[in-house]
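For reference, the structure discussed in these notes is given below.
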Amino acid sequence: MAIGLALFSLAGCGEKLQITATPVKGVETIQYQDAQLDVYCETGICQFDLGANQDIDLQVNMHYTQAKPFEKIEGVSVTGKMGSSVKMLGNNAFQVSLEGKAPPATLQIVDYYRN
């Protein structure tokens, strides 16, 4: 099911920060809090579009379910402007640097131990 998700938070000089995350394939839920996205993907392989109206470093945490995080991200593939700005933070998390007002990038994430 592909539904758009627009998320707001206060930022700097008056303009609100807007993060957009749109499931493309295999994503059940996306939640945002404190410059972090929690993405839930029961199969271990998923795609979603990600963009922002301002520059931001965003941490993405990958989960199968609320009780089970990804065990070891095998790969993060990015199509779009932020392709060189992915930094792994652990077995189930990575950081992306979003360029403000750029077209959304498509991310594909694969867990090594996927179902």
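The values are calculated or read from the model by the stated rules, or taken from the named source; none is laboratory data. Remember, it's a predicted structure, so these values are computed and weren't measured experimentally. So basically every Cβ, Gly included, is an ideal-geometry build from the backbone, and we count neighbours across all protein chains shown. Please note that ligands, DNA and RNA were not included when accessible areas were found on the heavy atoms of the full protein model with its side chains. Shrake-Rupley method; radii C 1.70, N 1.55, O 1.52, S 1.80 Å.
If you go through region 97-115 one residue at a time, how many are part of a strand (DSSP E or B), buried (at least 17 other Cβ atoms within 10 Å of the Cβ) and not β-branched (Val, Ile, Thr)?
So the answer is 4.
Among (1) of a type in the set (D, E, K, R); (2) within 15 Å of residue 107 (Cβ to Cβ); (3) modelled with pLDDT under 95, which single condition is residue 15 missing?
(2)
Looking at region 63-93 only, could you name the residues that are at pLDDT 90 or above, open to solvent by less than 50 Å² (accessible area, probe 1.4 Å) and out of contact with any Leu (no Cβ under 9 Å at 6 or more places or on another chain)?
63, 64, 70, 73, 75, 90, 92, 93, listed by residue number.
Does at least one position in region 76-84 carry a residue that is hydroxyl-bearing (Ser, Thr, Tyr) and in contact (Cβ under 8 Å) with a residue 40 or more places away in the chain?
There is no residue in region 76-84 that is hydroxyl-bearing (Ser, Thr, Tyr) and in contact (Cβ under 8 Å) with a residue 40 or more places away in the chain.
So which residues in region 13-45 are open to solvent by less than 30 Å² (accessible area, probe 1.4 Å), under 11 Å from the mean Cα position of the chain (by Cα) and touching a residue at least 60 places away in the same chain (Cβ under 8 Å)?
Within region 13-45, 19, 39 meet the criteria.
Return yes or no: is residue 94 closer than 16 Å to residue 22 by Cα and outside any loop (DSSP other than H, G, I, E, B)?
When the stated conditions are applied, residue 94 does not pass them.
Looking at region 47-102, which of its residues are within 17 Å of residue 24 (Cβ to Cβ) and hydroxyl-bearing (Ser, Thr, Tyr)?
Result: 77, 79.
Residue 58 fails exactly one of the following numbered conditions: (1) farther than 19 Å from residue 114 by Cα; (2) aliphatic (A, V, I, L, M); (3) open to solvent by 30 Å² or more (accessible area, probe 1.4 Å). What is the number of that condition?
Unmet for residue 58, out of (1) farther than 19 Å from residue 114 by Cα; (2) aliphatic (A, V, I, L, M); (3) open to solvent by 30 Å² or more (accessible area, probe 1.4 Å): (3).
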